[in-house]
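FYI, it's all coordinate maths here, none of it is from the lab. From a predicted model like this one, the values you see are computed outputs, not experimental measurements. When we count neighbours, we look across all protein chains shown, and the Cβ atoms used for this are built from the backbone with ideal geometry, even at glycine.
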Amino acid sequence: MNPFRFHNPTVLYYGAGQIESYLAEEVKKYGRKVLLLYGGGSIKRFGLYDKVTGILREAGCQVFELSGVEPNPRLTTVHKGVDLCKREGVELVLAVGGGSVLDAGKAIAAGAKYDGDMWNFYLRKDRVQAALPLGTILTLAATGSEMNGNTVVTNWETKEKLGMGSPHLYPRFSFCDPANTLTVPRDQTVYGIVDIMSHVFENYFSTAPNTPLQERMAEGLLLTIMETAPRLVERLDDLEARETIMYCGTMALNGMISMGTAGDWATHAIEHAISAVYDIPHGGGLAIVFPRWMEYVAGEAEGKLAQLAVRVFGVDPAGKSQRDTALEGVRRLREFLRSIGAPGSLADYGIGDENIALMAEKAVQFGPIGRIRKLEKDDVEQILRACLK
C-alpha cells in the first residue's frame, strides 16, 4: 500500500439524544455568533429547526439564518453566506441538512476567511489557508460530508460543478441521529444509497498495491448496504435500516477505507459535468455512469472487477473467464440499482446527445481524469454515449 498519514479531527455524535445533550456545549467552544444554514424548510416541518434554535437561544447565541440551500448548492447562495458572515462577524457556521447544505457550509466557512472570491479554491487558483469553525447536523445519509473536508459547489452561470478539499474544512463536530432522516422521501433515499456505494467504489478501484484489508472493509460496506437498502426502500420508516445506512455513509468517505490507497474518482468528475449542465440529482447521475465506467475500463480493472463480482455480487466464477466474471458483476450491479428504483440511463432524465461534447469537455477541464485508466475527452464522450440508453 502507499505510505499515508491519517487524521480525522471531527467529533462524531451518533444516535438519539446527542443533540439535546451536547450541542450547546460544542457551540460554546467557538463563540456566540452562529450562522444557521439549511435548505428548503423540511427541518421546520419535522421539528428539528425548533429544537436547534431553542438550544442555541438557551446557550445565549445570536443566530443569523440563511435558508434555501439548493440540492446542488449554488455559488450565488454561498456568496450570500460569505457576505453575511463577514458583515456580522459570525464565529461558527452550523449547517443543518444533507450533503448539499454541509458542502455549502464548508464553502462559506472558507470564504469568510478569504479576501478574494472563494470560487478561486474550486478553480484551483488558490488554496484554503483558514476557515470558520463548522458544525453539522445531518438529515440525509449520502455524501459523508459530516466527517470529511470535501465540498462541491455549482456555478450555474458558467455551468461548472466543481469540488475541492482542505484539512481546514473538516467539521469540528457532527451530529448524526438517524431519526432526522425518517422523513426523507423514497427517491432521495435511493440517491443517497447510490452515492454511498459510489464512494466505496471510487476507493475500491485503487491503483495502490497490497490493500487487502481496505478491500475487505469496502466489500463489507457494500454488502451491508445491499442487504439493508431493499428493506429501507420498502419501509421508509424503518429506523434500524436508517441507522445502518447513515453509518455506512459516514464510514464510506471519512478516510477509513482510503488509507494507503489511490482511488479513481473519474466517475464523480463525469457526473459533476452532467449535473452542472442538467442539474440532475447527484446520486441519480452516479447510478447511470458508474456501471458504464466499469464496462469501459474493464480491460484495465478486470481483476478487481472480477473480485468484486465474486465477493459482493455472488458471481460463481466456475467455467467463466475473468472478464466474463467481471462483466457479470457489473450486470448484477445494474440489476440491483434498478431493483431499488435508481435511474438506468440519461434518457430517464430526458437527456439526449446534444451536450455530450460539452459535458466531456467540462469533465476533463483540469486534465485527464481517473487512475485505473486516464480518461481524455474522447473517452468521456464514449462513456456518456453509453449512458444515453
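Estimated at 0.36 nm per residue, the fully extended path between Asp117 and Leu236 surpasses their Cα-Cα distance by 38.7 nm. If R0 is 45 Å, what FRET efficiency do you get for Lys80 and Glu376 from their C-beta distance, rounded to 0.05? E between Lys80 and Glu376, to the nearest 0.05, is 0.75. As a proxy for reagent exposure, Thr76, Thr244 were ordered by neighbouring Cβ count within 10 angstrom, fewest first; the result is Thr76, Thr244. Charging the Cβ of each Asp and Glu at -1 and of each Lys and Arg at +1, and nothing else, the dipole of the chain about its Cα centre rounds to 580 debye.
The mean sequence separation of alpha-carbon pairs under 8 Å and at least six residues apart, normalised by the residue count of region 49-133, gives a relative contact order of 26 percent. Which pairs in the list Lys29/Lys125; Lys304/Lys374; Lys113/Lys374 are over 24 Å apart, alpha-carbon to alpha-carbon? Listed pairs above 24 Å: Lys29/Lys125; Lys113/Lys374. With both residues required to sit in the chain, DSSP beta bridges show an antiparallel share near 25%. Starting from one equal scatterer on each C-alpha and no solvent at all, send me the Debye-based log10 I(q)/I(0) for region 36-179 at q = 0.09 Å⁻¹, two decimals. After summing over all Cα pairs, the log10 values are -0.24. The packing ranking, built from the mean of other Cβ atoms within 10 Å per residue, places the peptides 62-69, 357-364, 17-24 in the order 357-364, 62-69, 17-24, highest first. Taking a ≥ b ≥ c as the square roots of the Cα gyration tensor eigenvalues, with a/c under 1.5 meaning rounded and otherwise prolate when a/b beats b/c, else oblate, which class fits region 1-96? The shape class here is rounded.
Remark: region 4-67 carries a charge dipole of roughly 180 debye about the Cα centre, counting +1 on each Lys and Arg Cβ and -1 on each Asp and Glu Cβ.
With neighbours defined as other Cβ atoms within 10 Å of a residue's Cβ, the residues Val310, Val96 order from fewest to most as Val310, Val96.
Taking the fewest neighbouring Cβ atoms within 10 Å as the starting point, the ordered list for Met147, Met217 is Met217, Met147. Rounded to the nearest 0.05, what FRET efficiency is calculated for Arg331 and Glu361 with R0 set to 35 Å and r the Cβ-Cβ distance? That pair, Arg331 with Glu361, gives E of 0.70. A simple packing score, the average count of other Cβ atoms within 10 Å per residue, orders the peptides 160-173, 328-341 as 160-173, 328-341, with the highest score first. Residues whose amide H falls under 5 Å from that of Arg371, counting only those 5 or more places apart or on a different chain, are Ala266, with hydrogens built in the peptide plane. Direction-averaged shadow area of the convex hull around the Cα atoms of region 186-386, nm²? Average projection, Cα convex hull of region 186-386: 10.9 nm².
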